[in-house]
Amino acid sequence: MRRCGAAVLLGALLVTSACGGGGGSDGRPSEGDVSKALRKAGEDSLLGPAAKDITKAKADCIAKVLVDSKVSDRTLKKIVAADKDFLPSKADEAALSKAGPDLVRCVANK
């Protein structure tokens, strides 16, 4: 079940988070903002019903990895806004791919 949850989470992050461009005038979202967005449950949330399986420790770990990564500010803002219609850029796909092992550790170990 844990691995299935990790696969769902990583799939959602790769599809939703892989957008293009840099940050706007508001700057990079905080780890707290990203963590809260990951734990938000419901139809309008990023992970939908799967969010109920994300503990605060897992969400905090994932948020730290994402904020510390080379994922663009714009992508992090879209994660926080739960924008599911976002299109991927090559740069963010590469950044998420590089962060993938750390994201899996977050989900598997917390």
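Matching residues to (1) farther than 15 Å from residue 104 by Cβ; (2) within 12 Å of the chain's Cα centre (by Cα); (3) surrounded by fewer than 22 Cβ atoms within 10 Å (Cβ to Cβ):
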{"position": "27", "(1), (2), (3)": "yes, no, yes"}
{"position": "31", "(1), (2), (3)": "yes, yes, yes"}
{"position": "42", "(1), (2), (3)": "yes, no, yes"}
{"position": "46", "(1), (2), (3)": "yes, yes, no"}
{"position": "52", "(1), (2), (3)": "yes, no, yes"}
{"position": "56", "(1), (2), (3)": "yes, no, yes"}
{"position": "60", "(1), (2), (3)": "yes, yes, yes"}
{"position": "66", "(1), (2), (3)": "no, yes, no"}
{"position": "71", "(1), (2), (3)": "yes, yes, no"}
task = Collect the residues in region 61-110 that are among the acidic types (Asp, Glu) and either in contact (Cβ under 8 Å) with a residue 40 or more places away in the chain or in contact with a Phe, Trp or Tyr (Cβ under 8 Å, 6 or more places away or on another chain) (or both), keeping them in residue-number order.
result = 73, 83, 92, 93
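Any chance region 13-25 includes a residue that's modelled with pLDDT under 90, surrounded by fewer than 18 Cβ atoms within 10 Å (Cβ to Cβ), under 25 Å from residue 109 (Cα atoms) and within 11 Å of the chain's Cα centre (by Cα)? Talk me through it step by step, then tell me what you get.
Restricting attention to region 13-25, the residues satisfying the condition of being modelled with pLDDT under 90 are 13-25.
Those still in the list that are surrounded by fewer than 18 Cβ atoms within 10 Å (Cβ to Cβ) too: 14-15, 20-25.
Okay, now just the ones that are also under 25 Å from residue 109 (Cα atoms), so 14-15.
Now drop any that are not within 11 Å of the chain's Cα centre (by Cα), which leaves 14-15.
For region 13-25, residues modelled with pLDDT under 90, surrounded by fewer than 18 Cβ atoms within 10 Å (Cβ to Cβ), under 25 Å from residue 109 (Cα atoms) and within 11 Å of the chain's Cα centre (by Cα): present.
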task = Can you work out which of the residues in region 66-110 that are among the polar types (S, T, N, Q), at pLDDT 90 or above and part of a helix (DSSP H, G or I) is farthest from residue 42 (Cα to Cα)?
result = 97
ask   = So which residues in region 29-65 are part of a loop (DSSP other than H, G, I, E, B) and under 19 Å from residue 88 (Cβ atoms), if there are any at all?
value = 29, 46, 47
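The values are calculated or read from the model by the stated rules, or taken from the named source; none is laboratory data. Bear in mind the structure is a predicted one, so any value in this text is a computation, not a measurement. A quick note on method: Cβ atoms are made from the backbone with ideal geometry, for glycine too, and the neighbour counts reach across all protein chains shown.
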